[in-house]
2 protein chains.
Amino acid sequence: MRFASFIFDGVSQALKRNSMVPKVVVLVAVSGGGLIAYSESQSDHGASIVRSSETEPKKKKLVVLGTGWAGTSFLKNLDGSLYDIQVVSPRNYFAFTPLLPSVTCGTVEARSIVEPIRKIIKKKNGEVRFCEAECFKIDPVNKKVHCQANAGSNLNGTGEFVVDYDYLVIAMGAKANTFNTPGVVEHCHFLKEVEDAQRIRRSVIDSLEKANLPNLSEEEKRKNLQFVIVGGGPTGVEFAAELHDFLTEDVGKIYPNIRDLVRITVVEAGGHILSMFDKRITAFAEQKFQREGIDVKLGYKVTKVSDKAITMVDRANTVTDLPYGMVVWSTGIGTRPVIRSFMEEIGQADRRALATDEWMRVQGLENVYALGDCATIYQRKVMEDISAIFNVADKDNSGTLTVKEIQDVLGDICERYPQVQLYLKSRDMRGLVDLLNDAEGNERKENRELSIEEFKKALAHVDSQVKFLPATAQVAAQQGEYLAKCFNRMKKCEEKPEGPLRIRGTGRHRFRPFSKIIEKMEGGLLIHGLDLSPIPNINNMAHVVVHMIQMS
Amino acid sequence: MRFASFIFDGVSQALKRNSMVPKVVVLVAVSGGGLIAYSESQSDHGASIVRSSETEPKKKKLVVLGTGWAGTSFLKNLDGSLYDIQVVSPRNYFAFTPLLPSVTCGTVEARSIVEPIRKIIKKKNGEVRFCEAECFKIDPVNKKVHCQANAGSNLNGTGEFVVDYDYLVIAMGAKANTFNTPGVVEHCHFLKEVEDAQRIRRSVIDSLEKANLPNLSEEEKRKNLQFVIVGGGPTGVEFAAELHDFLTEDVGKIYPNIRDLVRITVVEAGGHILSMFDKRITAFAEQKFQREGIDVKLGYKVTKVSDKAITMVDRANTVTDLPYGMVVWSTGIGTRPVIRSFMEEIGQADRRALATDEWMRVQGLENVYALGDCATIYQRKVMEDISAIFNVADKDNSGTLTVKEIQDVLGDICERYPQVQLYLKSRDMRGLVDLLNDAEGNERKENRELSIEEFKKALAHVDSQVKFLPATAQVAAQQGEYLAKCFNRMKKCEEKPEGPLRIRGTGRHRFRPFSKIIEKMEGGLLIHGLDLSPIPNINNMAHVVVHMIQMS
């Protein structure tokens, strides 16, 4: 679809430039023949045949790091014919991560939740190259990324190589967060990658086999059959539920003599499991777990993991040792070392993820974009720009704003600063005029004018509505799609900007900012009657709910 | 079926002992009701309800080591109610090894070729226990086996335990034979276990991904895409054929730019690949490989494997270095360390596998049996027993044998020494009388008598027909079935021996020897017009042939 309309756009533009071309040509170009000619021209990289400019420069080099939700969604939506595209990722597949907990117990096979990147790439127009390697250094000064494949791939044996870029898209995700707890890396399983899920699967069976050995005391058996999940978020809860089903339904039949010694414990530092969801979901999950015999330890913080036991303290500082057979650690995400170094280099050392603007551009860098779990969109605050906003709105440079002047820029302000609209919504207001009323406490007449001080006062509390987007599969996928569409229309939007008015510059932004799109999504979800904002992991959450319905 | 007939046997015996029971009881017992009662009685280990003896002693402890072809076949055929059975194996599944080469390229999924041992055990009468552990020491003096599970399974953390036995069945298989070639263990893949096949699968893809990295010279790419198979036996050839199909059919589409650099080389020290098969199969395979572009290096011996290249010498002692991306080593089997130590302890240090008699008993030990790849049946030679045979045949102690006397023991001799029959067959003779003619050179009259010297002369060349059975899945499976049937009828056959006359003892052997059964099998295979004896790996062979037909 995108394909056909792209050609149609091209043809329409050609038509505008050269208005004596008879209409019949357009019809021919849009019909099948044009498509065939186009797709055939791909094989010899002849995409320029369709685009009319003969003087077009060499394609820009676009490097994409990562093939998770963000990277894959970006690739899927990108028009491959516009750039010279190089993808670098340590995994040559995309994994549907919300189903990872199901892989741990064999409910779903690992091969069912992966999609080869080369299969995705093959469907693209143009040539997209893929390298199975890991980026270990980003050099924004020289516009290069340093990568390393498995050792021994080239004859000097280091496996290192360098890739140049014009545009860089960083979608490298995050790593599991251990909060520097001693022993976690050595003794715990994580549940972020397909290999993690497969390792957990083997480890569950190993625990059962170990408990089944002869000459073991009951204490030893119980130790081997103690499964611990640290972290009561969606991943941990989903895994606990899957494990419970597996242990009661299948293991009972296969290992009947150890069935009654199995125990699952969920350790959560907070006061509730699934605390990021609606209270009804939390309560349902906690009651369900209690009925099923899953032990939920709330308010316990793990301080150490040894090869035999995990040590935790409760809120009264009482220390407990829990001997275990297997531990899965899922307490959220942390920053990857390569991102950490990059952040230090570009002066973002004090943040937890790469800060980008609302167009996904890494702050302070040209042509470097970051999305997904490795990035956070830094929403500009109204108060930081209040004078500039005032000046833009004050077209006649009178030093005061009329309601008319405000209404003229209102659309742009709401687009650029979505917190304004959220604030209005949270107060049940219909427009900025209501906001002015609110600040003043009485109804404002159309002809009254606002000084900059009054304007500041009116917008004073708006920034309280600035939200950070949750690090979820859904946000990452939407960011990838958004950015791909920007890249697809880069040229067009440079000529005809679509975004809001520039507050600290002239003219308009090229694209509408991303935050606008998320807001729409949240609205959509609210329709279903549950307040799911902020959405921690919508895919996982849906899965947890489905799972619990199945369990009950 | 076996189940029903077992009950029927029991009922028949009861009937014989108690002849006034009316016939109608038999009918009821054989119908469904009897079966249900029987199977229900399993849950409380009440198998003795069916067997009539109330004074039966405690069940003998039977320990089975290994769950490969031999061990699993033994378990499947064993009547679990007769013994207190403990199975110890490092793998809790049985793997259909002839399909391993197909797992390496994803033609078959690993899960499709494995069967959980617990599933097999569950179908048995009586209770069979399984431990996932590896036996590391067999102590025949104290009748114990020392085993080790993964570390940390008990609280002292060693994972060691000891199991007592009354009967021990050793079916631990063999390990890959490296001929002590340096670097093989470090740098080569083997293809004996499911994990090996999975590792090879990942390694093949890794090689392709490595060759696909940017900035590699063509030499580096060729190195990464050089797949080497050492050993031109059925496993190596089958793997080479699978890999070839995968690389030409699938890889060409996914990695089009490196397709033409891929090279498969089979290195074989002998003069031909598949040399253990009929010459027509060898010739077909060699021609096929040549047509397909698989490089077969005959007469090359690998002397060293480094991380970059394998070093080999041809028959003219020319040394060649071949840089590789991946090597699979499949040059046959060697003795496992635990079997090697055991053999040294029982005075078999000079052998390559555990020597057993024709009833699978380890030579020199009571109640220890060995089968499959870890064992070899040592067929007694006629010449070693010739005086004893003469004495057994010479019933009237006249010091000479009549033709009649020879004919009386002929059946037993042929059963005990199958080489006699093979020798007769190889010379197109119909019976022992012909053999006597042959020795003397002229026709023998019925009434002439043979001295011991003449008897020796007649049988002088018979032992040239002694054959060792090939180390194959089929032989192992048949040995397992044979031994299980012996164990099932142990009691019955002690009372009523079924075997041939004891030559160096009195009475009869309890069971017919195993070699008799193999001879029948070979006869069956000869019917198909191909001389497949000695059969190296009949399952693999069939698969190779099928594969080649598919390829052509």
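The values are calculated or read from the model by the stated rules, or taken from the named source; none is laboratory data. What you are looking at is a predicted structure, and each value in this text was computed from that prediction instead of being measured. Here the Cβ positions follow ideal geometry from the backbone for every residue, glycine too, while neighbour counts run over all protein chains shown. These accessible areas exclude ligands, DNA and RNA; they are computed on the full protein's heavy atoms, side chains included. Shrake-Rupley method; radii C 1.70, N 1.55, O 1.52, S 1.80 Å.
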>> Being touching a helix residue (DSSP H, G or I) at 6+ places or on another chain (Cβ under 9 Å) and surrounded by 23 or more Cβ atoms within 10 Å (Cβ to Cβ) is true for just one of A:A370, A:A355, A:A349. Which residue is that?
In response: A:A370
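A:P98: touching an Asp or Glu at 6+ places or on another chain (Cβ under 9 Å) and not aliphatic (A, V, I, L, M), yes or no?
The answer is yes for A:P98.
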>> open to solvent by 70 Å² or more (accessible area, probe 1.4 Å) and in the same structural domain as B:Y255 (by TED's automatic domain parsing): is that true of B:E219 in this structure?
In response: yes
> Has region B:320-342 got any residue that is open to solvent by 60 Å² or more (accessible area, probe 1.4 Å) and of a type in the set (A, V, I, L, M, F, W, C)?
Replying inline: no
> Just to be sure, is A:V338 assigned to a helix (DSSP H, G or I), more than 33 Å from the chain's Cα centre (by Cα) and either closer than 30 Å to A:E218 by Cα or of a type in the set (A, V, I, L, M, F, W, C) (or both)?
Replying inline: no
> Among A:G159, A:G71, which is open to solvent by less than 20 Å² (accessible area, probe 1.4 Å) and within 19 Å of the chain's Cα centre (by Cα)?
Replying inline: A:G71
> Within region B:74-105, which residues are open to solvent by 20 Å² or more (accessible area, probe 1.4 Å), over 25 Å from B:R336 (Cα atoms) and polar (S, T, N, Q)?
Replying inline: B:N77
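Give me the residue from region B:256-303 that is of a type in the set (D, E) and in contact (Cβ under 8 Å) with a residue 40 or more places away in the chain and, out of that set, least open to solvent (accessible area, probe 1.4 Å).
Here the answer is B:D278.
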> How many residues are modelled with pLDDT of 80 or more and either touching a His at 6+ places or on another chain (Cβ under 7 Å) or open to solvent by less than 20 Å² (accessible area, probe 1.4 Å) (or both) when one looks only at region A:419-455?
Replying inline: 6
> From the list B:A484, B:A458, B:A473, which residue is crowded, with 17+ Cβ neighbours inside 10 Å and modelled with pLDDT under 85?
Replying inline: B:A458
>> Against the condition facing another protein chain (nearest Cβ under 10 Å) and touching a Pro at 6+ places or on another chain (Cβ under 9 Å), how does A:K210 come out, does it pass?
In response: no
>> Is it the case, given these coordinates, that A:K253 is within 30 Å of the chain's Cα centre (by Cα) and either buried (at least 22 other Cβ atoms within 10 Å of the Cβ) or not hydroxyl-bearing (S, T, Y) (or both)?
In response: no
> Among the residues of region A:164-194, how many are under 19 Å from A:L371 (Cβ atoms) and of a type in the set (V, I, T)?
Replying inline: 2
> Could you give every pair whose Cβ atoms fall below 6 Å, whose first residue belongs to region A:175-203 and is on the phi > 0 side of the Ramachandran plot, and whose second residue is open to solvent by less than 20 Å² (accessible area, probe 1.4 Å), counting only separations of at least 6 or pairs across chains?
Replying inline: A:G183/A:V305
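Condition first: farther than 17 Å from A:G270 by Cβ and more than 14 Å from chain B (Cβ to nearest Cβ). Now tell me which residues in region A:218-237 satisfy that.
Residue satisfying the conditions is A:F227 alone.
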>> For region A:399-416, give me the residue count where each residue is surrounded by fewer than 17 Cβ atoms within 10 Å (Cβ to Cβ), farther than 16 Å from A:I503 by Cα and among the polar types (S, T, N, Q).
In response: 1
> Where in region A:84-192 are there strands (runs of 3 or more DSSP E), lying fully within it, with 3 or more residues that are within 11 Å of chain B (Cβ to nearest Cβ)?
Replying inline: A:84-89, A:128-132, A:160-164
> How about region A:354-402: which of its residues are touching a strand residue (DSSP E or B) at 6+ places or on another chain (Cβ under 8 Å) and part of a helix (DSSP H, G or I)?
Replying inline: A:D373, A:C374, A:F390, A:V392, A:A393
> Only one of (1) part of a loop (DSSP other than H, G, I, E, B); (2) out of contact with any strand residue (DSSP E or B) (no Cβ under 9 Å at 6 or more places or on another chain); (3) at pLDDT below 90 fails for B:F511. Which number is that?
Replying inline: (3)
